[in-house]
Amino acid sequence: MNNFIYYTPTEVYFGKKQEEHLNEILNKYHYKKILFHYGMSSIKKTGLYDKVINQLKLSKIDYVELPGVSPNPKLSLVLKGVEICKKENVDLILAVGGGSVIDSAKSIAVGAKVDFNPWLFSIKEKTPQDHIPVGAILTISAAGSDMSDSCVITNDSTNEKRGFNSRHNRLLFAILNPELTYTVGPYQTACGIVDIMMHTLERFISPGDDTPLTDNIAIGLLKAVIDAGRIVMKNPQDYDARATLMWANSLSHNGLTSCGREFVMSVHQLEHELSGKFDNIAHGAGLAVLWPAWALKAYKYALNRFLKLSYEVMNVTPTQNKEADAIKGINLIKEFFKEIKMPTTLKELNVEEKDFEELAYNAMFKGKRTLKDVIEVDYKMALEILKSAK
């Protein structure tokens with residue numbers, strides 16, 4: 001087991017109607033001005049917007065609103081948020097929504113503390129030294145941004161989608177009420193299931209020796225997500241299944257399932273390029289397409305890890321042909337993605353082969369980087385993966 005630092009300072013309020021205690025939560029922190037940051041119209045349709053406004057009024061804390069976060073959150077809106085925070089002396093950002101809203105809030109939070117474009121954090125030319133605290137009310141189980149140290153933003157002037165990690169991206173608090181996910185539609189629910197799985201899968205299938213405790217946590221999480229995923233696709237208002245997905249969303253990306261392991265998350269890096277270029281592609285859908293293609297290239301080089309996945313998560317019966325067992329596990333995960341109505345080919349996402357070279361080239365930062373994962377992913381390998389996923 002490798003040395004590691006495990007840092008998860010976020011205070012989590014989990015369960016039914018926890019958002020109705022927002023004013024009590026806010027008052028214990030003694031902030032004076034809040035930026036209420038959210039997406040489009042969904043929280044107004046569900047009534048959550050009115051609940052938040054009522055709680056803000058009860059708290060007697062001044063607030064200013066910034067709506068408009070879209071999937072694959074945009075730098076242009078982040079810059080508006082930075083300007084508002086500086087002008088209004090905002091000392092807390094409240095993000096209400098999913099991972100896109102939370103990531104947008106994180107970027108605003110670090111950007112408001114500097115005099116340069118926060119995109120420099122995303123492309124790793126600068127490192128955050130301070131931030132405005134961020135709290136969140138989560139409305140979709142997917143990205144795990146509520147407890148992670150990552151922030152992914154799309155530069156809408158260049159169509160580059162980039163992420164950075166920092167302890168300054170950790171939230172102050174997160175309100176997680178599984179009931180708020182009842183209204184999430186089947187497609188977005190399925191995208192979330194894939195994203196949760198991928199955050200752990202890409203940590204689990206990584207270079208290095210076995211880490212028994214961390215491995216078993218990851219295996220348990222993956223099995224629970226598959227079981228709960230099947231339930232919610234049939235019964236969207238099954239509270240226990242929704243609760244499982246919401247908690248797994250947090251644990252899958254807060255560092256727990258990688259303690260003692262090194263990881264690169266090559267598939268995430270490739271997918272960022274895909275949904276950065278094609279804004280209509282949901283992150284989870286892109287992952288569902290790319291992971292099986294990557295796995296079929298990688299399994300020989302981490303056979304023991306893939307066999308654990310096959311035997312202990314996908315319940316494959318062991319045979320004398322270990323490689324065949326590993327492939328069967330990969331294909332069963334692909335079949336699960338199909339079962340929950342996720343795409344498994346780039347054709348289903350309307351991505352044409354003529355785009356592959358550009359996607360591979362840009363994913364490798366125009367040929368300047370190689371991802372040293374179970375297999376090294378350079379431009380050539382990235383292109384092979386995309387062709388395998390067509």
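The values are calculated or read from the model by the stated rules, or taken from the named source; none is laboratory data. All figures in this text were calculated on a predicted structure; none of them were measured in a lab. Don't worry about glycine lacking a Cβ; one is built from the backbone with ideal geometry, like all the others, and counts go over all protein chains shown. SASA here: full protein model, heavy atoms, side chains in, ligands and nucleic acids out. Shrake-Rupley method; radii C 1.70, N 1.55, O 1.52, S 1.80 Å.
Nearest 20 debye, what's the magnitude of the dipole of region 22-160 about its Cα centre given +1 on Lys and Arg Cβ and -1 on Asp and Glu Cβ? Present the calculation step by step, with values, prior to reporting the outcome.
Working: 16 positive and 15 negative charges, 73 e Å.
Value, rounded to 20: 340 debye.
Quick check: from the Cα gyration tensor, does region 320-390 come out rounded (a/c under 1.5), prolate or oblate? Since a/c reaches 1.5 but b/c is at least a/b, the shape of region 320-390 is classed as oblate.
From largest to smallest, the equivalent ellipsoid semi-axes obtained for region 70-140 from the alpha-carbon gyration tensor read 18, 14, 11 Å.
Measuring nothing but how far apart in sequence close Cα pairs (under 8 Å, 6+ apart) lie, relative to its length, region 301-390 scores a relative contact order of 23 percent.
Determine the dipole magnitude for region 10-84: charges of +1 sit on the beta-carbon of Lys and Arg, -1 on that of Asp and Glu, nothing else is charged, the reference point is the Cα centre, and the result goes in debye to the nearest 20.
Charge dipole of region 10-84: 100 debye, to the nearest 20.
Estimated at 0.36 nm per residue, the fully extended path between Arg369 and Lys126 surpasses their Cα-Cα distance by 85.7 nm.
What translational diffusion coefficient, to the nearest whole µm²/s, does region 252-317 have by Stokes-Einstein, given a Kirkwood radius computed over alpha-carbon pairs, a temperature of 4 °C and 1.567 mPa s viscosity?
Details: Rh = 13.6 Å.
For these conditions, the coefficient is 95 µm²/s.
Counting only DSSP beta bridges whose two residues both lie in the chain, roughly 25 percent are antiparallel. How large is log10 I(q)/I(0) at q = 0.10, 0.11, 0.18, 0.22 Å⁻¹ when the Debye formula is applied to the Cα atoms of region 168-247, each weighted equally and without solvent? Debye output, listed in q order: -0.28, -0.34, -0.81, -1.03.
Taking the chain as the region of interest, what is the percent of Cα-Cα pairs per 10 angstrom bin, listed from the shortest bin to the one with the maximum distance? Each 10 Å bin holds this share of Cα pairs: 5, 24, 34, 25, 10, 2, 0.
Given Lys297/Lys380; Lys297/Lys366; Lys113/Lys161; Lys74/Lys161; Lys223/Lys328, which pairs have Cα atoms separated by over 19 Å? Write down the numbers at each step before the final one.
On the way: Lys297/Lys380 12 Å; Lys297/Lys366 22 Å; Lys113/Lys161 22 Å; Lys74/Lys161 9 Å; Lys223/Lys328 16 Å.
Where the Cα-Cα span goes over 19 Å, the pairs concerned are Lys297/Lys366; Lys113/Lys161.
Toward the positive end of the charge dipole of the chain, with +1 on the Cβ of Lys and Arg and -1 on the Cβ of Asp and Glu, the farthest Cα among Met381, Leu35, Gln129 is that of Leu35. Size check on region 248-390: the Cα extents along the three principal axes, sorted descending, read 41, 33, 33 Å.
Glu88 exposes around 70 Å² of accessible area when a 1.4 Å probe is run over every protein chain in place. Considering region 106-259, its Cα convex hull presents a mean projected area of 10.1 nm².
Relative to its Kirkwood radius, the Cα radius of gyration of region 350-390 gives an Rg/Rh of 0.97. If R0 is taken as 45 Å, the Cβ-Cβ distance between Glu339 and Asn159 corresponds to a FRET efficiency of 0.90.
Starting from the alpha-carbon convex hull of region 1-105, give the projected area averaged over all orientations, in nm². Don't skip to the end; give the middle numbers.
Values: hull surface 35.0 nm².
Its Cα hull, projected and averaged over all orientations, spans 8.7 nm².
For Glu20, the solvent-accessible surface with a 1.4 Å probe is about 80 Å², rounded to the nearest 10. Ser150 exposes around 20 Å² of accessible area when a 1.4 Å probe is run over every protein chain in place. Legend: Rg and Dmax of region 205-320, from Cα coordinates, 15.4, 45 Å.
Assigning unit charges at the beta carbon (Lys, Arg +1; Asp, Glu -1) and nothing else, what dipole magnitude in debye, to the nearest 20, does the chain show about its Cα centre? Could the numbers behind the result be given before it?
Working: 47 positive and 46 negative charges, 52 e Å.
Charge dipole of the chain: 240 debye, to the nearest 20.
Placing unit charges on each Cβ (+1 for Lys and Arg, -1 for Asp and Glu) gives region 155-253 a dipole about its Cα centre, and among His199, Leu222, Asn177 the Cα reaching farthest toward its positive end belongs to Asn177.
Using a ≥ b ≥ c from the Cα gyration tensor of region 36-194 (square roots of the eigenvalues), is it rounded, prolate or oblate, where a/c under 1.5 gives rounded and otherwise the larger of a/b and b/c decides, a/b for prolate? Kindly include the intermediate steps, with their values, before the conclusion.
Details: a/c = 1.73, a/b = 1.20, b/c = 1.43.
Oblate, because a/c is 1.5 or more while a/b does not exceed b/c.
Where the centre of each part is set by its Cα atoms, how far does region 47-75 sit from region 110-145, in angstrom? Region 47-75 and region 110-145 have Cα centres separated by 18 Å. With the convex hull drawn around the C-alpha atoms of region 29-91, the volume per residue stands at 84 Å³. When the chain is described by a simple charge dipole with +1 on each Lys and Arg Cβ and -1 on each Asp and Glu Cβ, the residue from Trp294, Ile25, Ile231 located farthest towards its positive end is Ile25.
Rounded to the nearest 0.05, what FRET efficiency do Glu11 and Tyr311 give with R0 = 30 Å and r taken as the Cβ-Cβ distance? Could you check?
On the way: r = 38 Å, r/R0 = 1.25.
According to the calculation, E is roughly 0.20.
Give Lys16/Lys57; Lys234/Lys277; Lys87/Lys124; Lys17/Lys86 a once-over and call out the pairs whose C-alpha atoms are over 23 Å from each other.
Distance filter (> 23 Å) returns Lys234/Lys277; Lys87/Lys124; Lys17/Lys86.
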